[in-house]
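The structure under discussion appears below in the form of structure tokens.
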Amino acid sequence: MQASITEHRSDVAVLHLRGELDADTAAKLHATLADLLERPVPRIVVDLTDLKFCDSVGLSAFITSRQIIAGRGGWLSFAGANPFLSRLLVTVGLSRYFTIFPDVDQAIAAAQR
């Protein structure tokens, strides 16, 4: 898995994930999220457009980040998930805690409201 970050406005970071997120690559995601969680109010859009696969170990990074994000008044949302990932996010219950948008532009537009 590859991860890169782009900034949209001064307070929204877009985390672009590429490849496969699994037990072998989850540590990289944890480290990247830890850096983003250092912000006073973390506002993160996770771009899943180029993520081909994710297992439960990969998803746990988002779950463990939720408490920190909520405690600081921030949010994390998902965007651009393929049908497999969309079903996975709903099936494991992440759609109850994180908003899922069709694409990054819609996620950022929602943040501006």
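The values are calculated or read from the model by the stated rules, or taken from the named source; none is laboratory data. Small disclaimer: the values here were computed from a predicted structure and weren't measured. Cβ atoms come from the backbone with ideal geometry, glycine included; neighbour counts cover every protein chain shown.
Worth pointing out:
- Check on Ser65, closer than 22 Å to Ala111 by Cα, at pLDDT below 95 and among the hydroxyl-bearing types (Ser, Thr, Tyr): yes
- Leu37 being free of Cβ contacts under 8 Å to residues at least 40 places away in the same chain, among the hydrophobic types (A, V, I, L, M, F, W, C) and touching a strand residue (DSSP E or B) at 6+ places or on another chain (Cβ under 8 Å): no
- Residue in region 51-64 that is touching a helix residue (DSSP H, G or I) at 6+ places or on another chain (Cβ under 7 Å) and of a type in the set (Asp, Glu) present: no
- Test for Thr49: is it touching a strand residue (DSSP E or B) at 6+ places or on another chain (Cβ under 8 Å), among the hydroxyl-bearing types (Ser, Thr, Tyr) and under 19 Å from Ser86 (Cα atoms): yes
- Region 67-81: number of residues that are farther than 12 Å from Val12 by Cβ, of a type outside the set (Phe, Trp, Tyr) and touching a residue at least 12 places away in the same chain (Cβ under 8 Å): 6
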